[in-house]
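A short worksheet on the structure shown next.
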Amino acid sequence: MLGYESLSSYSNISHFVTARQGGCSEGAYASFNCTPYSGDEAEKVRRNQSLLMEGMSQMPRELVIPLQTHDTNCLLIGDVYLSASPRQKQDMLCGVDALITREPGYCLCISTADCVPVLVYDTKHCAVAAIHAGWRGTVAYIVRDTLLRMEKEFGTSGEDVVACIGPSISLTSFEVGEEVYEAFQKNGFDMPRISIRKEETGKHHIDLWEANRLQLLAFGVPPGQVELAQICTYIHHDDFFSARRLGIKSGRILSGIMIHE
């Protein structure tokens, strides 16, 4: 497991980013896949999750792992979720790409394998978020919308936010078609700032790290409170899962954040 320097300075929260090694999964899931939704054997996922929880500084009550659909739906982990049955919780987590909470002991998790994981901590109101920002979520402003939801639910303001953008596909590796480029352009992104066109291929490349960082800055998060892992999963696929390398039926990086009890 890896962590972020900016979040590690806070003793009242735990966080992590998983790498590929150290688990029991095999093949395209080798070996430390903790996500249950991509086709891995359920028992091996369970064993990997147990290893993960044992490695955390405080054992979580629950790993909250949504079934993501590249949308912008954000789920509040609050009284309604906490009082639900296991089956009801499973239903509530279907189609969710961002989680927020102030409840201690519930570890918010996001699964990625080239998409951008964003972890957020509101230091004033002791609230956290985990956000899955693939290109579809990014172009639909999922980070902005999640921060606005935190503002509504908890009173979050940008100056109190520490945010981390995790291992994911880089500008160099993320070649896109015209339709993707046009989607970002249509939605008002600063294209010279978040994209390049490679002369040798004639193809556009999108910088998802910068596109999501700009959403944080627009909310008022100071630049010095945004940490970038600057690790490209496509390049470093031996250490991190990459769906573009391994296919959709493969392991996932799990990024998590939890308030201590």
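FYI, it's all coordinate maths here, none of it is from the lab. Because the structure is a prediction, the values reported are computed rather than measured. So basically every Cβ, Gly included, is an ideal-geometry build from the backbone, and we count neighbours across all protein chains shown.
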- Mind listing whichever residues of segment 148-164 are of a type outside the set (Val, Ile, Thr), out of contact with any Cys (no Cβ under 7 Å at 6 or more places or on another chain) and on the phi < 0 side of the Ramachandran plot? 148, 150, 151, 152, 153, 154, 157, 158, 159, 160, 163, 164
- Message: What pairs come out if I take residues in segment 45-64 that are under 15 Å from residue 110 (Cα atoms) and pair them with residues that are buried (at least 18 other Cβ atoms within 10 Å of the Cβ) and aromatic (Phe, Trp, Tyr) whose C-beta lies under 7 Å away, six or more apart or interchain?
- Response: 62/106; 64/106
- Hey, can you tell me all the residues within segment 135-144 that are on the phi < 0 side of the Ramachandran plot and either among the small types (Gly, Ala, Ser) or buried (at least 18 other Cβ atoms within 10 Å of the Cβ) (or both)? 135, 137, 138, 139, 140, 142, 143
- Among the residues of segment 103-126, the number that are in contact with an Asp or Glu (Cβ under 8 Å, 6 or more places away or on another chain), surrounded by fewer than 24 Cβ atoms within 10 Å (Cβ to Cβ), in contact (Cβ under 8 Å) with a residue 60 or more places away in the chain and not hydroxyl-bearing (Ser, Thr, Tyr) is 2
- Message: Condition first: within 19 Å of residue 114 (Cβ to Cβ) and over 15 Å from the mean Cα position of the chain (by Cα). Now tell me which residues in segment 211-240 satisfy that.
- Response: 234, 235, 236, 237, 238, 239
- Task: Output the number of residues of segment 225-258 satisfying the condition of being in a helix (DSSP H, G or I) and under 20 Å from residue 125 (Cβ atoms).
- Result: 1
- Message: So in segment 204-252, with the set limited to residues that are under 21 Å from residue 156 (Cα atoms) and out of contact with any strand residue (DSSP E or B) (no Cβ under 9 Å at 6 or more places or on another chain), which one is surrounded by the most Cβ atoms within 10 Å (Cβ to Cβ)?
- Response: 214
- Message: Of everything in segment 146-178, what is among the charged types (D, E, K, R) and closer than 19 Å to residue 225 by Cα? Give them in sequence order.
- Response: 151, 159, 160
